Amino acid sequence: MQAHRLAYTPPGQAAPLFTDLSFALRPGLSLLCGGDGRGKTSLLRLIAGDLAPGAGQILRSADTASCSFEQPADPAYDPVIARAWLAERRAGRFAASWLPGLEAALIEALDLAPHLDKPMFMLSTGSRRKLGLAAAAASGAALTLLDTPYAALDARSGRVLSELLAEAADGAQRAWVIADYALPAGLDGVMLAALVNLGD
């Protein structure tokens, strides 16, 4: 995926979050970093196709039409049983690329099994985030977007995520993008495919 001279101004805001922003996303792990209010989430939504840029363009290969940007914290999912939420993704547009072995391994590693039969509103912020991580990883999507993935995770789950992302950094098939304030400590030494810095 390539972005050329992107600009974006949120509705009702006078100043743009960013202008003239260009970058390319390739297989491996990329970091999109910046301070509060600098547009990290908005840029992920632009990459995912949920928002349209005010200027510039995003060019996607056929593969990056397969984009996973899971947001299980959305209140719209509150009444949904966690197991059903996961099953919907497994049987939906990622059915052909879904990795059931990775799903099962992450459910165990992230200690999600006790929560799968609960409605989403009963899950903690951390558990909802872990469910989203499991779905994103197991999707097999060519482009996987993660918004501040370490937030609200316990130490063990943070280590599991770091191992997953370190493996992703060495991968040649999938492009992973994490948005965070800076490179998470658990990823020190990991080679990045791209770094997009939106500033402090």
Which of (1) surrounded by fewer than 14 Cβ atoms within 10 Å (Cβ to Cβ); (2) under 19 Å from ASP78 (Cα atoms) is the odd one out, the single condition HIS115 does not satisfy?
-> (1)
Residue that is surrounded by the most Cβ atoms within 10 Å (Cβ to Cβ) [pool: residues in the range 150-186 that are under 26 Å from ARG83 (Cα atoms) and touching a Phe, Trp or Tyr at 6+ places or on another chain (Cβ under 6 Å)] = ALA168
In the range 128-149, is there at least one residue being open to solvent by 30 Å² or more (accessible area, probe 1.4 Å), at pLDDT below 95 and farther than 25 Å from ALA24 by Cβ?
-> no
What number of residues in the range 151-173 are at pLDDT below 95 and under 14 Å from the mean Cα position of the chain (by Cα)?
-> 1
Check the range 33-42 and report whether any residue there is within 29 Å of THR125 (Cβ to Cβ), among the hydrophobic types (A, V, I, L, M, F, W, C), modelled with pLDDT under 95 and open to solvent by less than 50 Å² (accessible area, probe 1.4 Å).
-> no
Regarding THR125, is this residue among the polar types (S, T, N, Q), open to solvent by less than 40 Å² (accessible area, probe 1.4 Å) and under 25 Å from ALA87 (Cα atoms)?
-> no
Scanning the range 104-126 for residues that are small (Gly, Ala, Ser) and free of Cβ contacts under 8 Å to residues at least 24 places away in the same chain, which turns out farthest from LEU187 (Cα to Cα)?
-> ALA113
What tally of residues in the range 91-114 results from selecting those that are in contact with a Phe, Trp or Tyr (Cβ under 9 Å, 6 or more places away or on another chain) and at pLDDT 95 or above?
-> 0
Starting from residues that are in a helix (DSSP H, G or I) and open to solvent by less than 40 Å² (accessible area, probe 1.4 Å), keep the ones in the range 98-109 and report whichever is farthest from LEU143 (Cα to Cα).
-> ALA109
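Would you point out which residue out of THR41, THR19 is of a type in the set (Val, Ile, Thr), touching a residue at least 24 places away in the same chain (Cβ under 8 Å) and more than 20 Å from ASP147 (Cβ to Cβ)? Give the steps one after another, and end with the answer.
Working: THR41 fails: more than 20 Å from ASP147 (Cβ to Cβ).
Checking each option against the conditions leaves just THR19.
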What number of residues within the range 67-97 are under 16 Å from the mean Cα position of the chain (by Cα) and either surrounded by fewer than 19 Cβ atoms within 10 Å (Cβ to Cβ) or among the hydrophobic types (A, V, I, L, M, F, W, C) (or both)?
-> 7
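For (1) at pLDDT below 90; (2) under 21 Å from ALA134 (Cβ atoms), each residue gets a yes or a no:
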| site | (1), (2) |
| --- | --- |
| ALA3 | no, no |
| ALA7 | no, no |
| PRO11 | no, no |
| LEU44 | no, yes |
| LEU51 | no, no |
| GLN57 | no, no |
| ASP63 | yes, no |
| GLU70 | no, yes |
| ALA76 | no, yes |
For the range 36-46, does any single residue satisfy the condition of being under 27 Å from ALA152 (Cα atoms) and among the β-branched types (Val, Ile, Thr)?
-> yes
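The values are calculated or read from the model by the stated rules, or taken from the named source; none is laboratory data. Keep in mind that this is a model prediction, so the values were computed, not measured. Cβ coordinates were reconstructed from backbone atoms using ideal geometry, including for glycine residues, and neighbour counts include every protein chain displayed. Just the protein is used for accessible areas: all its heavy atoms, side chains included, with ligands, DNA and RNA removed. Shrake-Rupley method; radii C 1.70, N 1.55, O 1.52, S 1.80 Å.
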